[in-house]
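K.L.:
Take a look at the following structure, please.
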Amino acid sequence: MRLKNLMSFTPTVQWNQTLDWEREVHNITGDLRRYLPGDVFVAVKGGKLDGHTLIEQAARLDPAAIVIQDQEYAAGDVPWILVENTRRALAELVQGRQGFPSGGMGMVGVTGTNGKTTVTVLIEAILRAAGHYPGVIGTIHNRLGREILSEGMTTPDPEDLARLLKVMRDSRADYCVMEVSSHALSQYRVQGIEFDIAIFTNLTQDHLDYHETMEKYLTAKGKLFADMNPKGGKKRPKCAILNMDDAAWQYLADLCRVPVITYGMGAGCDLRAEDVRNHIYGIEYHLVYANRTYPVKMKIHGLFNVYNSLAAVAAGLAEKIPIEVILGALAGVEVIPGRLERVASNREFAVFVDYAHTPDGLEKCIAAVRAFCGGRVITVFGCGGDRDRTKRPLMGECASRLSDYCIVTSDNPRTEDPLGIINDILTGIPAEKQAGVCQVEPDRREAIRKAVQMALPGDVVLICGKGHEKKQIMGGEALDFDDCLAAREALQRVMS
């Protein structure tokens, strides 16, 4: 692709007059490690590294162009192109270079603090039941059918994301259902993607180390809805699906230029859940929609999964999928990895693993098992390092208040001292509870073993924080660690 054609995908402000607009471009990247001669290098301003400081190195490799956003670098013989925002330009350029693959698929974006993974899995099941071939991009992995394309992160960087979407489109996927994080939205990672359905799950405290305030956090989420174009390049209807029981819904609705579908348990929702039952085998409720009532039965647990399923149902209905097909698909979902996933055993107590890593997520998770727990709830949890420190005492308070017993342990300490993180958590736990119904065990495997060992018939052991993850990040190392596997090993030791 010629440089002049490539740069038509993003607005430019100014450029070096000696630039060769006819030059063929091989690739576009914001990562100098991926850069080859003849590429376009985009100087992205990151939190730890400003790509503008790498321009001199990139210039030695015969670039087709270097895209900048700081006027001070617009000098010399470097083939520079000035844009307003290099993050946005990078996303638009790589999507354009791949032929804007989202234009060939139905695009469903799911954002919110909690529930994104579950909603994407449920929507995938509904689409498959209706005869579609959807891809999924998200926290657990990026998948097309049974094929795992790559390991997951909530939203990949623009270059990987564009490649993934192209692979899906070229493999005849007709939908892509993806998690869209607040980081991705604030960093323009999804710029150049045309979403047809945007879903909001909820907004609770998380990522304040990055966003600083809840207002800024909500503003980042709002970009997904504000950017939806009712016309766009596709000849298909668009809509936003909002959780009306969350206080943020009205703010997001006001941003929308597309029709809004609401869901929840309160009056006035387009889709409403009534008569909810949460038991050891799953959840049941009555779905009220268009003046009709439908029974819903699912094998996954928790009140929060009632909300997640409502969002998925709304997406299915928006795509004109029959309600019978939708409800049949939901009933067939056995488990969502690391989301209140039950660890199989023949013991008279239950063990669940969940990804809950925010105060709200932890509270809802404990409440979910409390609903069917005949004995005690024993919670094992920690907090991640190099992340929002303000939520640590809140999680400590929540776990100590709602659990009958809790064990505070390590999560992913990353570069922080695990004991320092634990001490932050303990500041939220009253002294009398620290002495009576709480203990500290920094070794996560040992903490899980202790929880399983102390469980009695009717109890529930709840292991929170890491969910589906297979690694524990300590210092600069990613060590093999799987909560489900650690729980199974502990159960074997108890039974032997």
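The values are calculated or read from the model by the stated rules, or taken from the named source; none is laboratory data. Computed from a predicted model, the values in this text were never measured in an experiment. Don't worry about glycine lacking a Cβ; one is built from the backbone with ideal geometry, like all the others, and counts go over all protein chains shown.
K.L.:
State all residues of the stretch 27-45 that are surrounded by 14 or more Cβ atoms within 10 Å (Cβ to Cβ) and not aliphatic (A, V, I, L, M); if no residue qualifies, say none.
P.N.:
ASN27, THR29, GLY30, ASP31, TYR35, GLY38, ASP39, PHE41, LYS45, listed by residue number.
K.L.:
Another question, if that's okay. When the stretch 327-345 is examined, which residues are found to be small (Gly, Ala, Ser) and within 26 Å of THR358 (Cβ to Cβ)?
P.N.:
Selection gives GLY338 alone.
K.L.:
Yes or no: THR379 assigned to a strand (DSSP E or B), over 19 Å from the mean Cα position of the chain (by Cα) and surrounded by fewer than 22 Cβ atoms within 10 Å (Cβ to Cβ)?
P.N.:
Here the answer is no, as THR379 does not meet what is asked.
K.L.:
Among THR111, THR120, THR213, which is modelled with pLDDT under 95 and among the β-branched types (Val, Ile, Thr)?
P.N.:
THR213
K.L.:
For the list (1) in contact with a Leu (Cβ under 6 Å, 6 or more places away or on another chain); (2) more than 30 Å from PRO295 (Cβ to Cβ); (3) in a loop (DSSP other than H, G, I, E, B), I need the number of the one condition that HIS357 fails.
P.N.:
Answer for HIS357: the failing condition is (1).
K.L.:
With the requirement that a residue be in a loop (DSSP other than H, G, I, E, B), surrounded by fewer than 17 Cβ atoms within 10 Å (Cβ to Cβ) and hydrophobic (A, V, I, L, M, F, W, C), what does the stretch 227-278 give you?
P.N.:
Correct list: ALA247, ALA267.
K.L.:
Given the options VAL44, VAL78, name the one that is more than 24 Å from the chain's Cα centre (by Cα) and of a type in the set (A, V, I, L, M).
P.N.:
VAL78
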